[in-house]
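Enquirer: Quick one: structure below, then a few questions.
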Amino acid sequence: MEFIQEKTSVWERLQQERRPIALYGMGDGADKILRVFVDKGIKASTVFASDEFVRGHSFAGFRVQKLSEVVEQYGEDIVIVLSFASQRPELLERFYELNARFDLVAPDVPVAGGGLFDLDFVHAHADEFQRAYDWMADETARQVFSDIVNFKISGKIDYLRHCETDKDEVFQNILKPHGHECFADLGAYNGDTIRELLSYTDGAYDSITALEPDKRNFKKLSRYAEESLTGKVELVQAGGWSEDTVLTFAAKAGRNSALAKQGIPTQMRSLDSVLGGAPCTMLKLDVEGAEHQALLGAQQTIKTHHPRLNVACYHRNEDLFDLPALLKEFDPSYKLYLRHHPYVPAWDVNLYAV
């Protein structure tokens, strides 16, 4: 795999590190990273947060500090481990400023599923990675694929900035939406992707079918549809899945509602069942780690109608090779494009298929 430059995983590097390791951020990402630290015998020296979030509290047994306090205590020769995600421009700018001033890494921990995206994982799936890379339909997609894999191995955020593109490029050059779309949105959140699509079609469409399982998100989606959409619109309070069933779902507000062992029983639907053979010209799936199952539940729609696809490709370690393989199995004629939109770590990595 010539596209892989990195030969040492971020975890291996941190295991060998003798300088103080300062964790930047609190929450789910930090918890996951600290669990890996325990498994691998990596010791954090301190935790810090952005100044506005420091109020004398503790996290994971550390008093949360300001960066200025960390530097006062340890000096500037430290390693910063970025442990939260953001797409906000002012925070991305801060990340890259810190990256220029300090040795900063952002270890990759999966949003869904287990395991680590390290060199062992890459080598275990070498043939699948190479095959997916070879399927990429343009030079940008191959560069994104390479940069994302190298980032996930190394935690070096320069790879992410190097392969960023904006959504405009995708809509204008790949998806090319028109005013007669039959759009299906799995993981519709509050209607943000519908709004985005309609901004490229002057608000015109033939039909919209939107699935969203989270109760609060669905209320926002319904309000948006009531106020802004007319004509053939179907909203379904359900998650996208391989079949119609009920699964347990973690009820947490925001975009990242996810499957869990404990939580609220939630209706899941297959797109094939919802549409019942009705046309679909464009399909988006962002279903928090259930993309494989949701694609299985849309396979008749995909095989029959060949919709253009926008599939989140960053929730599970295997997504980068598994989701392209599934689409090629359904319809070998698909051209596949990988894009990364501004985000740290490697979130908002999407597979576009036309």
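Values in this text are rule-based calculations from the coordinates and carry no lab data. No experiment lies behind these values; they were computed from the predicted model shown. Heads up, the Cβs are rebuilt from the backbone with ideal geometry, glycines too, and the neighbour counts pull from every protein chain shown.
Enquirer: Report relative contact order for segment 47-195 in percent, whole number only (criteria: Cα-Cα under 8 Å, sequence separation at least 6).
Expert: 14
Enquirer: Also, I was wondering about something else. Rounded, prolate or oblate for segment 177-312? Axes are the square roots of the Cα gyration tensor eigenvalues, ordered a ≥ b ≥ c, and the cut-off for rounded is a/c under 1.5.
Expert: Taking the square roots of the gyration eigenvalues as a ≥ b ≥ c, segment 177-312 is oblate.
Enquirer: So between residue 168 and residue 195, what do we pick up on full extension, going 0.36 nm a residue minus the alpha carbon distance?
Expert: Full extension from residue 168 to residue 195 adds 8.3 nm.
Enquirer: What's the magnitude of the charge dipole for segment 177-312 around its Cα centre, counting Lys and Arg as +1 and Asp and Glu as -1 at the beta-carbon? Answer in Debye, nearest 20.
Expert: In debye, rounded to 20, segment 177-312 gives about 360.
Enquirer: Separate question: To the nearest 20 debye, what charge dipole does segment 276-354 have about its Cα centre, counting +1 at the Cβ of each Lys and Arg and -1 at the Cβ of each Asp and Glu? Can you show the working numbers first?
Expert: Working: 7 positive and 9 negative charges, 67 e Å.
In debye, rounded to 20, segment 276-354 gives about 320.
Enquirer: Could you tell me which residue out of 173, 200, 188 lies farthest along the dipole of the chain toward its positive end? Charges go on the beta carbon: Lys and Arg +1, Asp and Glu -1, centred on the Cα centre.
Expert: So the residue we want is 188.
Enquirer: Any number yet on Rg/Rh for segment 10-134, C-alpha, Kirkwood?
Expert: So for segment 10-134, dividing Rg by the Kirkwood Rh gives 1.00.
Enquirer: With a 10 Å Cβ neighbour count serving as the proxy for reagent exposure, in which order, fewest first, do 1, 282 appear?
Expert: The order, fewest Cβ neighbours first, is 1, 282.
Enquirer: Then there's this: With the cut-off at 35 Å, report for the chain the share of all Cα pairs above it, as a whole percent.
Expert: Result for the distance tail: 26 percent.
Enquirer: If you don't mind, another one. Per DSSP H run of at least 4 residues, take -39500 (n - 2.57); add these up for the chain, divide by its residues and hand me the 222 nm value, nearest 500 deg cm²/dmol.
Expert: Only helices count here, giving -10500 deg cm²/dmol.
Enquirer: Where does each of 190-196, 146-152 land if you order them by average Cβ count within 10 Å, highest first?
Expert: 146-152, 190-196
Enquirer: Take residue 40, project a point 7 Å from its Cα along the Cβ direction, then tell me which residues of segment 82-100 have their backbone nitrogen under 14 Å from it.
Expert: Output list for this probe position: 82-83.
Enquirer: Using alpha-carbon pairs under 8 Å, 6+ residues apart, how would you state the relative contact order of segment 16-66 in percent?
Expert: Relative contact order for segment 16-66 comes out at 35 percent.
Enquirer: Over the Cα atoms of segment 29-102, compute the convex hull volume and normalise it per residue, giving Å³.
Expert: Hull volume over Cα atoms, normalised by residue count, gives 101 Å³.
Enquirer: If you don't mind, there's one more thing I want to ask. State to the nearest 20 debye the size of the charge dipole of the chain about its Cα centre, where the only charges are +1 on K and R beta carbons and -1 on D and E beta carbons.
Expert: Its charge dipole is roughly 800 debye.
Enquirer: State which entries of 66/215; 32/284; 156/176; 152/220; 66/156 exceed 30 angstrom in Cα-Cα distance in the structure shown.
Expert: Result: 66/215; 156/176; 152/220 exceed 30 Å.
Enquirer: What's the local net charge at residue 278, with K and R +1, D and E -1, over the other residues with C-beta under 15 Å away?
Expert: -2
Enquirer: Å³ per residue of the Cα convex hull, for segment 273-354?
Expert: Numbers: hull volume 6.7 nm³, N = 82.
Given the Cα convex hull of segment 273-354, per-residue volume reads 82 Å³.
Enquirer: Let me have the relative contact order for the chain, percent, based on Cα pairs under 8 Å that are six or more residues apart. Can you show the working numbers first?
Expert: On the way: 677 pairs, mean separation 59.3, N = 354.
Computed value for the chain: 17 percent relative contact order.
Enquirer: Shifting gears a bit: Going by a ≥ b ≥ c, the root eigenvalues of the Cα gyration tensor, does segment 311-354 fall in the rounded group (a/c under 1.5), the prolate group (a/b larger than b/c) or the oblate group?
Expert: Judged from the Cα gyration tensor, segment 311-354 comes out oblate (a/c at least 1.5, b/c at or above a/b).
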